[in-house]
């Protein structure tokens, strides 16, 4: 079965395949680009969703995985915030809510 992810942003929608780690890497690059350009984007998978946004400078906010300070763009899944690097790594491994399984 083919997995397709949808990036929703102010100016429209972009649908991309998300079947393997390479395609999910491209998906995150596009989500990162549109978040920097439009401020916030929503990424919808068949099995979950996330919000990718320009980070605001909130003191004490760090990645839920690596605990480093959030940089230019952060990924929100539920109430948890991740740096783009940790979110990409989790999606490449097929972590539920961060991307489709292998």
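So in the range 24-52, with the set limited to residues that are in a helix (DSSP H, G or I) and more than 13 Å from the chain's Cα centre (by Cα), which one is surrounded by the most Cβ atoms within 10 Å (Cβ to Cβ)? Among those residues, the one meeting the criterion is 38.
Of the residues that make up the range 6-28, is at least one in contact (Cβ under 8 Å) with a residue 24 or more places away in the chain and within 16 Å of residue 55 (Cβ to Cβ)? For the range 6-28, residues in contact (Cβ under 8 Å) with a residue 24 or more places away in the chain and within 16 Å of residue 55 (Cβ to Cβ): present.
For the criterion of being in a loop (DSSP other than H, G, I, E, B) and at pLDDT below 95, residue 67 passes. For the range 70-90, a tally of residues being part of a loop (DSSP other than H, G, I, E, B) and either touching a strand residue (DSSP E or B) at 6+ places or on another chain (Cβ under 8 Å) or crowded, with 18+ Cβ neighbours inside 10 Å (or both) returns 3. Do you know which residues across the range 37-64 are at pLDDT below 85 and in contact with a helix residue (DSSP H, G or I) (Cβ under 8 Å, 6 or more places away or on another chain)? If the condition is that a residue be at pLDDT below 85 and in contact with a helix residue (DSSP H, G or I) (Cβ under 8 Å, 6 or more places away or on another chain), then no residue fits.
Among the residues of the range 1-18, count how many are assigned to a strand (DSSP E or B) and either within 10 Å of residue 42 (Cα to Cα) or touching a strand residue (DSSP E or B) at 6+ places or on another chain (Cβ under 7 Å) (or both). The number of residues fulfilling the criteria is 11.
The values are calculated or read from the model by the stated rules, or taken from the named source; none is laboratory data. Note that this is a predicted model, so its numbers are computed, not measured. Glycine gets a Cβ as well: all are built from the backbone with ideal geometry, and neighbour counts include every protein chain shown.
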